Amino acid sequence: MKTRSLKKDKVNIITLGCSKNIVDSEELYSQLKANDFEVDHESDKDDANIVIINTCGFIDNAKEESINTIVRWAEAKQAGEIEKLYVTGCLSQRYMPELQKEIPEVDKYFGTTHLPQLLKTVGADYKHELVGERLITTPSHYAYLKISEGCDRPCSFCAIPIMRGKHVSKSFEQIEAEVKGLVKNGTKELLLIAQDSTFYGLDLYGERKLAELLKRISDINGVDWIRLHYAYPSQFPLEALDVMAERENICKYIDIPLQHVSENMLKIMRRGITRQRTVDLVQTIRERVPGIAIRTTLIAGHPGETQKDFEDLAEFVTQSRFDRLGIFTYSHEEGTHAGTLIDDVPQDVKEERAAAIMEIQQGISAEINKSRVGNEYKVLFDRKEGGYYIGRTEFDSPEVDNEVLVDAKENFVRIGDFATVKIESAEDFDLYGKVIPS
Ligand code: SF4
């Protein structure tokens with residue numbers, strides 16, 4: 001057993017799951033720092049005596065990873081490597097009674113809205129004056145900007161409303177203050193995130209205000225790139241597209257999870273949109289924002305999905321030629337509407353369908369990438385790795401999309417800087433090029 005009682009408490013925050021969890025961990029991190037705690041994020045050093053795990057409870061794989069992480073640190077506590085272990089986030093929100101019974105080594109479990117209680121438990125005060133002030137854990141030149149919490153949508157497969165509650169928009173003023181704080185600390189790129197970013201303002205201002213929010217953020221000095229994530233297709237605020245088209249510092253990029261396209265599946269999934277309106281929306285996005293890159297996410301093997309539905313989806317992906325695409329295999333989640341249906345698509349069929357869609361997408365991505373050879377693009381450099389400086393164009397979001405690689409022997413760029421790159425060659429997902437001196 002390590003003796004630490006004399007030394008200052010040191011906290012190690014472990015974040016699992018999505019970008020919204022990253023923002024929650026950053027708020028926790030900032031609050032602890034402001035209370036004079038030593039804090040680390042995702043440290044593999046074992047010098048912290050308190051560990052806080054911010055869990056994910058979305059789908060099977062994510063839940064398993066969260067449970068394994070809790071067990072790993074529960075064992076570390078039993079071995080005397082740490083003194084206190086706390087668990088928060090979506091898995092804890094969703095399964096608190098079960099977790100308390102199954103893994104009692106955890107000192108305390110917290111829900112997704114219990115930051116003040118968590119801070120009190122570790123001996124810190126919740127500092128209201130810090131709201132909007134956030135130390136980020138991503139590279140300093142980009143940051144996630146959470147514009148709202150929760151979701152009012154009834155999607156059949158989704159447990160997020162169970163874990164995150166109803167949709168609550170942040171006010172314009174709060175978001176503007178947060179952006180100014182981030183820009184002051186060197187952030188150049190803002191990734192707008194929410195459960196449903198297109199719902200923004202409906203609860204607070206009585207109407208969809210995404211277009212106005214984009215304008216307000218775009219007007220703030222020092223914001224180079226604004227990137228829109230988690231747009232929802234139904235009742236899409238088309239006026240936001242005009243703001244995206246007219247503003248230089250709004251990336252010609254949109255992440256809009258469509259999940260499926262067949263009439264039958266859109267109904268079963270309770271997506272509130274038809275096949276034709278989905279196809280029309282994709283076309284409208286491209287017409288109103290020329291050159292925009294569209295990222296989407298799909299689900300394979302949802303209950304009720306027939307071979308015909310799947311073939312319809314595959315044809316849609318082939319015809320729509322999305323720039324970026326991810327696909328999940330359906331995960332049967334209790335507490336959701338789909339959780340009451342029969343999970344009638346065998347797991348191997350789910351995986352076959354997902355693989356088939358990704359194969360189509362790989363071909364499309366290769367063709368799109370090939371068409372970019374010879375062009376010049378503004379690239380934001382994120383890191384140096386394996387003899388390359390690695391960055392992204394405005395068509396690529398961190399962690400999920402394609403990258404641009406320039407040889408570090410022949411080029412020099414500073415991490416966090418923009419540079420113009422001429423594309424010289426392409427692979428299925430990544431591009432290679434050389435820096436054009438400015
Ligand atoms: S929009 Fe649908 S999929 Fe997204 S968080 Fe809300 S309920 Fe879940």
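The values are calculated or read from the model by the stated rules, or taken from the named source; none is laboratory data. As the structure is a computational prediction, the values presented were derived from the model and not from experiment. So basically every Cβ, Gly included, is an ideal-geometry build from the backbone, and we count neighbours across all protein chains shown. What goes into the accessible areas is simple: the full protein's heavy atoms, side chains included, and nothing from ligands, DNA or RNA. Shrake-Rupley method; radii C 1.70, N 1.55, O 1.52, S 1.80 Å.
For the stretch 162-173, the set of residues classified as of a type outside the set (S, T, Y) and within 16 Å of the ligand (Cβ to nearest atom) consists of I162, M163, R164, G165, K166, H167, V168, listed by residue number. Against the condition part of a strand (DSSP E or B) and either touching a Pro at 6+ places or on another chain (Cβ under 6 Å) or in contact (Cβ under 8 Å) with a residue 60 or more places away in the chain (or both), how does Y126 come out, does it pass? For Y126, the condition - part of a strand (DSSP E or B) and either touching a Pro at 6+ places or on another chain (Cβ under 6 Å) or in contact (Cβ under 8 Å) with a residue 60 or more places away in the chain (or both) - is not met.
Cβ-Cβ distances below 6 Å connect the following pairs, each with a first residue in the stretch 262-273 that is charged (D, E, K, R), a second residue that is in a helix (DSSP H, G or I), and a separation of six or more residues or different chains: E263/R275. Taking the stretch 221-280 as the range and being β-branched (V, I, T), away from the ligand (no atom under 16 Å from the Cβ), assigned to a loop (DSSP other than H, G, I, E, B) and touching a strand residue (DSSP E or B) at 6+ places or on another chain (Cβ under 7 Å) as the test, only V223 passes. Residues of the stretch 148-158 that are farther than 17 Å from A300 by Cα and more than 6 Å from the ligand (Cβ to nearest atom): S148, E149, G150, D152, P154.
A quick yes/no check of all residues on (1) within 16 Å of the ligand (Cβ to nearest atom); (2) open to solvent by 60 Å² or more (accessible area, probe 1.4 Å):
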residue	(1), (2)
T69	no, no
T88	no, no
G111	no, no
V122	no, no
E129	no, yes
I136	no, no
P139	no, no
I160	yes, no
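Counting only residues that are in contact with a Leu (Cβ under 7 Å, 6 or more places away or on another chain), give me the helices (runs of 4 or more DSSP H) lying completely in the stretch 160-213 with at least 3 of them.
172-184
Kindly indicate whether G201 is farther than 27 Å from G272 by Cα and away from the ligand (no atom under 11 Å from the Cβ). Here the answer is no, as G201 does not meet what is asked.
Table: residues versus (1) over 22 Å from R372 (Cβ atoms); (2) among the aliphatic types (A, V, I, L, M).
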site	(1), (2)
I299	yes, yes
F322	no, no
E334	yes, no
G339	yes, no
P346	yes, no
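Taking the stretch 181-196 as the range and being without any contact (Cβ under 8 Å) to a residue 60 or more places away in the chain and away from the ligand (no atom under 16 Å from the Cβ) as the test, the residues that pass are G181, L182, V183, K184, N185, T187, L190.
Do the conditions hold for S365, that is, is it of a type in the set (S, T, Y), under 23 Å from the mean Cα position of the chain (by Cα) and over 26 Å from R247 (Cβ atoms)? Judged against the criteria, S365 is a match.
Condition check ((1) over 23 Å from C155 (Cα atoms); (2) over 25 Å from the mean Cα position of the chain (by Cα); (3) touching a residue at least 60 places away in the same chain (Cβ under 8 Å)) across all residues:
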site	(1), (2), (3)
R247	yes, no, no
P257	no, no, no
H260	no, no, no
E287	yes, yes, no
Y330	no, no, yes
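Where strands (runs of 3 or more DSSP E) sit wholly within the stretch 309-418, none has at least 2 residues that are of a type in the set (G, A, S) and surrounded by fewer than 18 Cβ atoms within 10 Å (Cβ to Cβ). So L145 ticks every box in (1) assigned to a strand (DSSP E or B); (2) within 16 Å of the ligand (Cβ to nearest atom) but one. Which box is left unticked? For L145, the failing item is (2). Scanning the stretch 40-55 for residues that are buried (at least 22 other Cβ atoms within 10 Å of the Cβ) and under 24 Å from K146 (Cα atoms) gives I52, I53, N54, T55.
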